[in-house]
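Novice: Dumping the structure here so I can ask a few things about it.
The values are calculated or read from the model by the stated rules, or taken from the named source; none is laboratory data. In this text, all values refer to a predicted model and were calculated from it rather than measured experimentally. Heads up, the Cβs are rebuilt from the backbone with ideal geometry, glycines too, and the neighbour counts pull from every protein chain shown. Ligands, DNA and RNA are excluded from the accessible area calculation, which covers all protein heavy atoms including side chains. Shrake-Rupley method; radii C 1.70, N 1.55, O 1.52, S 1.80 Å.
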Amino acid sequence: FRFKDSLAEDVQSADLVISHAGAGSCLETLEKGKPLIVVIYDKLMDNHQLELAKQLHRDGYVLYCNCSTLVETLQSMDLSTLKPFPPGQPEKFASFLDKVFGLQ
Amino acid sequence: TGGHTTEILRLLSCLSESYSPRHYVFADSDKMSEAKIRSFEQKRAETFPKSQFTLDRIPRSREVRQSWTSSVVTTLYSILYSLPLTYKRKPDLILCNGPGTCVPVCISAFLLGLLRIKRTIIVYVESICRVETLSLSGKILYYFSDYFIVQWPDLKKKYPKSVYLGRIV
């Protein structure tokens, strides 16, 4: 398919997700607890997409590679080394704003 | 746009109904955000039936990789366009997270504050994508916002006036 409104179902039923480094794609996948390989392709990407992928990799949440090393990565990967991804905490933000406005 | 909208809706997810009515401002070229916003607000209305929100579109201030000189012109145009909108809404709080669209809105609110017409609190939350460097919007609004929130510790070190709450989306 080319475009779907939501990939949620596909991600939910997948055993492994291979994705570009877009934050939405990465976070959605990680939040569903699926192993993720992020593929970087420099030509299309801003450097800033790379920042998040690198950090997620440093923290042990994703594997990453570029187009030419994808096959090699798939062959040699050990998904058990990936750590579970803790969810973000928007409640901390709400708490912070409430303090700013004296709403506690 | 896309990722920004998803992030900002997550930020809104835990806010109480004190933060109402919500006025969403987005670029006229943005096709997908409206649907996401409506979906979010619909769900919210299930818990908070008196929930109110509006949608406003403004001209996009800058395309990705647009040249500097033309960006200044299009941003100025967007600021002029935003002024009557911000004046009309007179928000107590502006919450934004980085698309170019937010800069003119914040600047127009800042100007209205200077002119003593309305004092708006500007809260900027840098995108989770930004781990080591700020976006262009962030670099500008670091100086204009009342609270500048970053989601990674490296940025807190580089921008000491920022607030670090960890990952909040």
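Novice: Quick one: putting +1 on the C-beta of Lys and Arg, -1 on the C-beta of Asp and Glu, what dipole do you get for the protein assembly as shown around its Cα centre, in Debye to the nearest 20?
Specialist: In debye, rounded to 20, the protein assembly as shown gives about 1000.
Novice: Let me ask something else about it. To the nearest 20 debye, what charge dipole does chain A have about its Cα centre, counting +1 at the Cβ of each Lys and Arg and -1 at the Cβ of each Asp and Glu?
Specialist: 140 debye
Novice: Something else now. Does the protein assembly as shown come out rounded, prolate or oblate, given a ≥ b ≥ c as the square roots of the eigenvalues of its C-alpha gyration tensor, rounded meaning a/c under 1.5 and, failing that, prolate meaning a/b above b/c?
Specialist: Prolate, because a/c is 1.5 or more and a/b exceeds b/c.
Novice: Kindly identify chain B as rounded, prolate or oblate by the Cα gyration tensor criterion: order the square roots of the eigenvalues as a ≥ b ≥ c, call it rounded if a/c is under 1.5, otherwise compare a/b with b/c, prolate if a/b is larger, else oblate.
Specialist: rounded
Novice: Could I ask something else about it? In Å², what does the accessible area per residue of chain B work out to with a 1.4 Å probe?
Specialist: Computed with neighbouring chains in place, this is 51 Å² per residue.
Novice: Related question: Rounded to the nearest percent, how much of the accessible area of the range B:60-112 (1.4 Å probe, protein heavy atoms only) is carbon and sulfur?
Specialist: Carbon and sulfur: 67 percent of the exposed surface of the range B:60-112.
Novice: What helices does chain B have that are whole DSSP H segments, at least 20 Å long along their own axis by Cα, and with mean Kyte-Doolittle hydropathy of 1.0 or more?
Specialist: Taking the DSSP H segments of chain B (at least 20 Å long, mean hydropathy at least 1.0), we get none.
Novice: I've got another one for you. Hey, in the GNM for chain B with a 10 angstrom Cα cutoff, which one of B:L15, B:L85, B:L155 fluctuates hardest?
Specialist: B:L15
Novice: Along Cα→Cβ, 7 Å out, is where each label goes; now give me the distance between the ones at A:F96 and B:R65 in nm to one decimal.
Specialist: Going by the 7 Å Cα→Cβ label model, 3.2 nm.
Novice: Please calculate the 1.4 Å probe accessible area of A:D59, with all protein chains present, and give it to the nearest 10 Å².
Specialist: Looks like 50 Å² after rounding.
Novice: In square angstrom and rounded to 100, what buried accessible area do you get between chains A and B, total over both, with the probe at 1.4 Å?
Specialist: Accessible area lost upon association: around 2500 Å².
Novice: Give the calculated FRET efficiency between B:H23 and A:M77 to the nearest 0.05, with a Förster radius of 51 Å applied to their Cβ-Cβ distance.
Specialist: Calculated value: 0.65.
Novice: According to the square roots a ≥ b ≥ c of the eigenvalues of the Cα gyration tensor, what is the shape class of the range A:7-101, taking rounded for a/c under 1.5, prolate for a/b larger than b/c otherwise, and oblate for the remainder?
Specialist: Prolate, since a/c reaches 1.5 and a/b exceeds b/c.
Novice: Treat every Asp and Glu Cβ in chain B as -1 and every Lys and Arg Cβ as +1, leave all other atoms uncharged, and give the resulting dipole magnitude about the Cα centre to the nearest 20 debye.
Specialist: Computed charge dipole of chain B: roughly 220 debye.
Novice: What value, in deg cm²/dmol to 500, does the helix sum -39500 (n - 2.57) over DSSP H runs of n ≥ 4 give at 222 nm once divided by the residues of chain A?
Specialist: Rounded to the nearest 500, the figure is -12000 deg cm²/dmol.
Novice: Which residues among the range B:152-169 fall inside the zone where the amide N is under 14 Å from a point 7 Å beyond the Cα of A:E31, along Cα→Cβ?
Specialist: B:167-169
Novice: Check cross-link reach from B:K156 to the aspartates and glutamates: straight Cα distance under 17 Å, and skip same-chain residues fewer than eight apart.
Specialist: A:E51, B:E126, B:E132, B:D146
Novice: Pop out a list of residues from the range A:60-92 that are at least 10 Å² less accessible with all the protein chains around than in their chain alone; 1.4 Å probe, no ligands or nucleic acids counted.
Specialist: Residues passing the criterion (a loss of at least 10 Å², heavy atoms only) are A:F85, A:P86, A:G88, A:Q89, A:P90, A:E91, A:K92.
Novice: What FRET efficiency would be calculated for the residue pair B:S51, A:S13, taking the C-beta separation as r and a Förster radius of 35 Å, to the nearest 0.05?
Specialist: About 0.55, to the nearest 0.05.
Novice: Calculate the FRET efficiency for B:Y77 and B:E34 from the Cβ-Cβ distance with a Förster distance of 25 Å, rounded to the nearest 0.05.
Specialist: After rounding, the FRET efficiency stands at 0.65.
Novice: Probe of 1.4 angstrom, ligands and nucleic acids ignored: what's the accessible area per residue over the range A:7-101, in square angstrom?
Specialist: Roughly 55 Å² per residue, with all protein chains present.
Novice: Could you name the lysines in cross-link range of B:K161, using Cα to Cα under 23 Å and dropping any fewer than eight places away on the same chain?
Specialist: Correct list for B:K161: A:K92, A:K99, B:K139.
Novice: Once the dipole of the range A:7-101 is set up with Lys and Arg at +1 and Asp and Glu at -1 on Cβ about the Cα centre, which of A:P86, A:T73, A:H20 lies farthest towards its positive end?
Specialist: A:P86
Novice: OK, next. For the range B:126-142 and the range A:53-91, what is the centre-to-centre distance using only Cα atoms, to the nearest Å?
Specialist: 23 Å
Novice: Can I ask one more? Under the definition of partner shielding as Cβ atoms of other protein chains within 10 Å of a residue Cβ, what is the mean value for peptide B:10-16?
Specialist: That works out to 5 on average.
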